[in-house]
Structures are given as C-alpha cells and as structure tokens.
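As structure tokens, the structure follows; a few thoughts come after it.
The values are calculated or read from the model by the stated rules, or taken from the named source; none is laboratory data. Treat the numbers as computed from the prediction; the structure is a model and nothing was measured. Because the Cβ atoms are built from the backbone with ideal geometry, glycine has one as well, and the counts that use them run over all protein chains shown.
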Amino acid sequence: MSEVRIGLLPLYLKLYDDVVPETREAFAPFLERICDGLAARGIAVTQTPVCRLAGEIGAAVREIEAAGADLLVTMHLAYSPSLEAVDALLAARTPIVMLDTTMHRDFGRGAGPDRIMLNHGIHGVQDLACMLRRNRRPYRVIAGHLDDPCVLDRAADLARAAAGAARLRGMRALRIGESFRGMGDFAVDPRALAERLGIAVDQRDQDALAAHVRALDAAEVDAEMARDREAFVVEASEDVHRRSVRAGLGLRRLLEEGGYGGFSLNFLAFDSADGPVDTVPFLEASKAMARGLGYAGEGDVLTACLVGALNSAFGRTNFTEMFCPDWSGDAIFLSHMGEFNPACAADRARLVEKDFPWTAAHNPAVVTAAPAPGPAVLVNLTPGPDDALDLIVASVEVLGDATEAAMRDQIRGWVRPRCALGPFLERYSQLGGTHHCAIVHGGRAEAIAAFAEYAGLGCSVIDGAR
C-alpha cells in the first residue's frame with residue numbers, strides 16, 4: 001500500500017489560554033495518543049500546533065496541505081468558535097473529517113467539575129459542522145472514545161479512501177490487445193475517462209511486450225522462478241513455469257517503464273505458440289495485484305484502475321466476476337480465467353498449469369487459491385448515461401473453500417451478501433452493475449463509499465438485513 005498521511009488540526013479557545021493557561025498542557029498526552037494510534041495503523045501524521053485564532057488555523061491548514069496530507073482531521077480539544085476555522089477549511093482542498101472525541105471515557109453522574117474543561121469539545125464540533133454544512137463543504141464525522149478501536153480504525157480507513165481517490169484521479173492505464181469484442185458494459189471512451197477522472201489509457205500490442213521479453217537474460221528468469229518456489233506451492237512443470245515467468249517479467253518491465261497503476265489483457269490477443277510471448281501472462285497479473293497494482297481482464301481498463309486505486313489504498317484487493325448464483329446457499333460463486341491476488345489467499349497459493357484451448361498459445365501457469373474467509377466488500381464502477389461513473393458498494397461475507405476436489409484447480413470463491421441473493425442481484429443490475437468487479441477484503445463499506453465521494457463518483461450501497 002502507498003503511504004497515507006493525515007493532517008491533524010487541534011482546535012482550542014484563546015480565552016482559556018488567557019485565563020487558565022495551565023489547562024492546555026493536559027492535552028499533550030491525549031494528542032500523542034491519537035498520533036500513536038494512527039501510526040500503529042500505518043498512517044503518517046502531520047500534527048500542527050494547537051490553533052485558536054483564524055490566522056493560526058489558516059497557517060496550519062497550509063502546512064497540512066504542503067505536507068501532502070490525504071485527509072485533514074480536526075480535533076476539538078475544547079470549544080473553538082466556528083468562525084475562527086471555517087474560512088480556512090472552506091478554502092482547503094483536502095477532504096475533512098471531524099474527530100469527535102474527548103479525553104475521558106466516562107462523564108456520568110459521579111463526574112467532578114474539574115473534568116468539564118477537559119471534555120467539552122463536542123459543542124465546538126457541532127458549531128463547526130453546522131457552518132460547513134451551511135457552506136456546502138463536504139465533511140464526515142467520527143464520534144466515539146479512543147478506547148473503542150473502531151474510532152481510529154475508521155479515521156485510518158477514511159484517510160486511505162482519500163489516498164485511493166487521489167490515486168484513481170490521474171492514473172495511467174495500459175491495455176494490451178483490443179477490448180473483448182461485443183462486451184459493452186465496461187467500454188468507456190478514453191476521452192470520457194480523461195475528462196471525468198484524468199485517466200490516461202495507452203493501447204499497446206504484443207510487439208511492445210515482446211521487446212522486453214527478448215531483453216531478459218536467463219539469470220533473471222531463474223531468480224524469479226526461485227522466488228516463486230518460495231512464495232507458492234509450484235506444481236506446474238518447469239517448462240510451463242519458465243515461459244509464464246518470461247512473459248510475466250517482460251510485462252513487469254513494460255508496466256514499470258510506463259508508470260502504470262492499472263492494466264488489462266485481452267487473452268485472445270495472445271494467439272501464438274511461437275515467438276517470445278507464447279503464453280498469456282496471467283501469472284504476472286496475479287503478482288502485480290499483490291504488489292498493489294490494478295488488473296482486470298478482457299481489455300477492461302475501467303475496472304483495472306478501480307482495482308489499482310483500492311489496492312494501493314487498502315491492500316488485499318482482487319479482480320473478480322460474479323459467475324454462478326448458489327440459490328440454495330444464498331451465495332455467489334466468484335471466479336475468472338487465471339488471475340488471483342495471492343495476498344488475498346487463505347493459505348499458501350498453488351502454481352498450476354492451466355488448460356488454455358482458446359487460442360494457439362501455450363498453456364500458462366496460474367496462481368490458484370481460495371480467498372481468506374471473513375468480511376469483504378464487492379465494488380463495481382459502472383458507466384451510466386452521459387458518461388457518468390458510479391460506484392456500487394456491497395458488504396459480503398467470504399465463505400470457505402470448495403469441498404469438491406476438482407474445483408481447487410480453479411480461480412474460486414464464494415460470498416454471501418447481507419440481503420437475500422435474489423433482491424441483491426436485482427438491485428445490482430437495476431443499478432447497472434457490470435460483470436467485472438473488485439473485491440476488497442475487510443469490512444470497509446463506509447470507507448469505500450467515502451472513496452467514491454472523494455473521487456467525485458456517484459455511489460449506491462446495497463445493504464439490508466437478512
């Protein structure tokens with residue numbers, strides 16, 4: 001995952017410094033706890049000095065944005081009047097989250113008056129939130145005590161959402177081969193992608209890939225095969241493994257050369273058993289996702305960029321398709337031809353030979369595994385009327401592995417939506433969901449909805465009690 005940074009803006013009241021200057025010192029350990037908690041979640045923090053007046057707040061916001069923060073988090077240590085902060089926040093380019101928490105967890109009937117000065121920031125939150133809303137400035141609020149790990153978990157995930165949205169906007173994408181003929185759902189005019197999200201698409205053919213494969217030496221291939229034997233249970237033959245590694249390393253060089261964040265292959269473009277590229281580089285597609293890049297099949301750069309943005313922000317993101325409904329089990333079988341992010345595997349992935357009857361290319365080696373069970377989010381980026389782009393977000397539960405032995409050579413997984421399968425599928429298609437998806441492991445629906453907001457996308461969440 002890419003580095004993600006929060007700018008922490010502590011807010012206070014100058015009157016308190018004038019009358020009871022010793023009080024502010026008590027907040028230093030509290031702020032340190034917030035910063036340490038975010039750092040433990042992999043988030044870098046730029047903390048500004050405690051701010052009281054408009055000039056101080058304006059300087060702090062400029063410091064946060066100069067540091068490249070993905071998210072600006074306000075923290076009311078006490079009441080701080082909204083008119084001191086609102087102009088600077090309205091001018092800020094960075095998404096805003098208000099952390100609504102206090103030093104002490106308990107303030108019941110046994111609390112003493114000495115605690116009031118240390119725990120009354122919530123009405124400063126309310127004052128500022130009202131002003132942001134009145135000025136149509138988007139913001140989010142996370143309320144709760146730091147003893148609840150969900151509070152800083154949510155803050156960290158919203159920062160990742162903002163970072164992923166920034167990654168999506170301006171991404172470079174590579175397509176090798178034409179889009180699969182006749183597939184219309186993910187087909188978007190590259191000019192529309194550039195205008196809506198700043199995505200640049202490069203169309204390349206096998207010649208570009210072949211040049212990089214020819215430049216490889218045997219030692220590079222041998223070293224990569226050795227790394228594969230450490231990472232995977234290698235069951236493919238030496239020849240199958242070697243040709244897949246050669247094609248894959250050539251693809252890796254092409255991706256690195258272009259600085260691509262997402263890429264797509266049309267397997268039908270790999271149609272020869274001769275020459276340097278004699279198999280489909282499915283293996284490298286899987287490894288690239290494990291490195292944080294985005295991938296989608298059949299020439300779908302739209303979903304490839306989505307996978308890349310989510311993967312760079314949250315990790316453990318896979319490209320997939322909803323293949324078969326399990327009506328009896330209220331679940332959906334997920335699969336695709338030969339691509340699986342091994343970072344999402346429940347156990348050590350296997351490397352096997354894949355039968356490939358679709359073109360004259362040789363059989364490839366592919367990674368196969370079952371995804372780790374637990375909460376996940378299905379995410380779809382769907383084109384709409386007038387070049388609109390909308391996100392569909394659905395929380396799901398990843399189920400266990402196949403019980404049929406022969407299925408274990410397939411790319412596979414089963415998920416159960418929160419609502420019944422029939423209504424889920426109806427809603428998904430009523431929203432125009434495409435047949436290509438991303439799946440992000442972990443319960444992050446709120447953060448992914450925020451990702452849509454930060455990227456300027458529409459968003460629909462499919463949810464509901466079972």
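Confirm whether ILE116 is more than 33 Å from the chain's Cα centre (by Cα) and not small (Gly, Ala, Ser).
Yes, satisfied.
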Selection from the stretch 279-301 of residues within 29 Å of LEU421 (Cα to Cα), of a type in the set (A, V, I, L, M) and either modelled with pLDDT under 95 or touching a Gly at 6+ places or on another chain (Cβ under 8 Å) (or both) yields ALA296, VAL301
Test for ARG105: is it of a type outside the set (Phe, Trp, Tyr), in contact with an Asp or Glu (Cβ under 6 Å, 6 or more places away or on another chain) and either under 18 Å from ILE57 (Cβ atoms) or surrounded by fewer than 16 Cβ atoms within 10 Å (Cβ to Cβ) (or both)
yes
Are any of the residues in the stretch 385-402 farther than 30 Å from ASP355 by Cβ, modelled with pLDDT under 95 and assigned to a loop (DSSP other than H, G, I, E, B)?
yes
Can you tell me how many residues in the stretch 206-238 are loosely packed, with under 15 Cβ neighbours inside 10 Å and either free of Cβ contacts under 8 Å to residues at least 40 places away in the same chain or assigned to a loop (DSSP other than H, G, I, E, B) (or both)?
16
Residues that are over 20 Å from ALA447 (Cα atoms), over 22 Å from the mean Cα position of the chain (by Cα), surrounded by fewer than 24 Cβ atoms within 10 Å (Cβ to Cβ) and not acidic (Asp, Glu): does the stretch 336-346 have at least one?
yes
Within the stretch 100-114, does at least one residue satisfy the condition of being in contact with a helix residue (DSSP H, G or I) (Cβ under 7 Å, 6 or more places away or on another chain), not aromatic (Phe, Trp, Tyr) and not in a loop (DSSP other than H, G, I, E, B)?
yes
Which one of these does ARG137 not meet: (1) of a type outside the set (Val, Ile, Thr); (2) assigned to a loop (DSSP other than H, G, I, E, B); (3) out of contact with any Asp or Glu (no Cβ under 7 Å at 6 or more places or on another chain); (4) modelled with pLDDT under 95?
(4)
Let me spell it out: the conditions are (1) closer than 30 Å to ALA69 by Cα; (2) in contact with a strand residue (DSSP E or B) (Cβ under 7 Å, 6 or more places away or on another chain), and LYS287 meets all of them except one. Which number is the exception?
(2)
For the stretch 65-74, does any single residue satisfy the condition of being surrounded by 14 or more Cβ atoms within 10 Å (Cβ to Cβ), over 26 Å from ARG169 (Cα atoms) and either assigned by TED's automatic domain parsing to the domain that holds ALA163 or touching a Ser or Thr at 6+ places or on another chain (Cβ under 9 Å) (or both)?
no
Does any residue of the stretch 142-163 turn out to be in the same structural domain as ALA288 (by TED's automatic domain parsing), farther than 30 Å from ALA273 by Cα and surrounded by 20 or more Cβ atoms within 10 Å (Cβ to Cβ)?
no
In the stretch 425-440, is there at least one residue being more than 18 Å from the chain's Cα centre (by Cα), part of a strand (DSSP E or B) and within 19 Å of GLY308 (Cα to Cα)?
no
Residue satisfying condition, being surrounded by fewer than 24 Cβ atoms within 10 Å (Cβ to Cβ) and among the aliphatic types (A, V, I, L, M), within set LEU302, LEU268, LEU310:
LEU268
For the stretch 194-205, which positions are surrounded by fewer than 19 Cβ atoms within 10 Å (Cβ to Cβ) and either β-branched (Val, Ile, Thr) or part of a helix (DSSP H, G or I) (or both)?
ALA194, GLU195, ARG196
Being modelled with pLDDT under 95, over 30 Å from ARG105 (Cβ atoms) and within 20 Å of the chain's Cα centre (by Cα) narrows GLY184, GLY170 down to just GLY170
